[in-house]
Structure formats: C-alpha cells, structure tokens
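These notes concern the structure reproduced below.
The values are calculated or read from the model by the stated rules, or taken from the named source; none is laboratory data. Everything quoted here is computed from the prediction, not taken from an experiment. In this analysis, Cβ positions are derived from the backbone assuming ideal geometry, glycine residues included, and neighbour counts consider all displayed protein chains.
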Amino acid sequence: MSKVTPKYRKMAQVYKIFASGWDNLDYSEQALQEMYDYESTGKGNIAISVFNKSNNAYAVGKKWTDVQVSMWLDWLKKPGWMNILEDLYNDEFPHWWLDSIFYNFIRDKVLLYKSMGMRWSNMPKRNFNKMRKESCQKLLI
C-alpha cells in the first residue's frame, strides 16, 4: 500500500462529482486509499464491488465518470459538437480534466480549420475560448 499521490487526489475530486448523486457512499480516506491501491496495482476487490452496490464513493464515481466520458465522445461525432463542448466547459467540471479528455479532438478540429485557410483571428472564437489549450492556439498563429 503506497501513499495516495497528489495527482490522484486531484482526479478523485472528479470521481466525487460523478458519485454525488448516490446515497450512502463512503468518502473516507480509507475508501480513497482502497481505490488508489486498486487502480495503481490492480489488487483489491473494488471492480467487483462496483457491481455489487459498493459504497466506495471513488469506485462508484470512477464507473460513472467512464460512462459519461464515453457518452460525451459519442456526442462529439454529431453535428453541434461546439455547443456540446461549450456546455461542458461550465463550472461543474474542472477545465484541466476536460482539456485532458478533449485535447486531441479540439486539436484535430483546429488543424482542420487551419488546412481550410482559417487563422485564429477568424475562427469561431466565442466557442473555442473556454476549451482551447495554449498549444492549439499556437498552431494557428
């Protein structure tokens, strides 16, 4: 059993968001440690207990985080993807986390627009302001 890292604690905050709709969950330090141990070593019964109505908030949150991200990625394949991203980049979810999920998608769109001759100054800036990373912006300068 190793100590929970600061990076994992940061991610655990996202798991808490997705677990917040469930009752009687355990948000204790021990529950966090169990989930960390499971994700970093594969030891423990967290994966099994998720399907057996686990009360580990981090296990439940991880499961629903994965489900939701999969749904979002499917939604982005449809028209209106800019509106979907704009809606997601509100204050409910940490932007660092959303950037880690959508970075490649956004980068590919930026490169597509660049290949069409668009520059950053004439891109739909209102929609991109919240979701771009510095490196995406630099691609168009």
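Structure values in brief
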| quantity | calculated |
| --- | --- |
| Flag if residue 23 is over 24 Å from residue 106 (Cβ atoms) and loosely packed, with under 14 Cβ neighbours inside 10 Å | yes |
| Residue list for the range 90-141, filter: under 18 Å from the mean Cα position of the chain (by Cα), at pLDDT below 55 and part of a helix (DSSP H, G or I) | 128 |
| Every residue from the range 1-15 that is in a helix (DSSP H, G or I) and either crowded, with 16+ Cβ neighbours inside 10 Å or hydroxyl-bearing (Ser, Thr, Tyr) (or both) | 8, 11, 12, 14, 15 |
| Qualifying residue in the range 52-69 (condition: closer than 20 Å to residue 9 by Cα, part of a loop (DSSP other than H, G, I, E, B), within 17 Å of the chain's Cα centre (by Cα) and among the acidic types (Asp, Glu)) | no |
| Of the criteria (1) farther than 16 Å from residue 67 by Cβ; (2) modelled with pLDDT of 80 or more, which one residue 49 fails | (2) |
| Tabulated pairs, the range 1-28, first closer than 17 Å to residue 68 by Cβ, second basic (Lys, Arg), C-beta under 7 angstrom, 6+ apart or interchain | 15/62 |
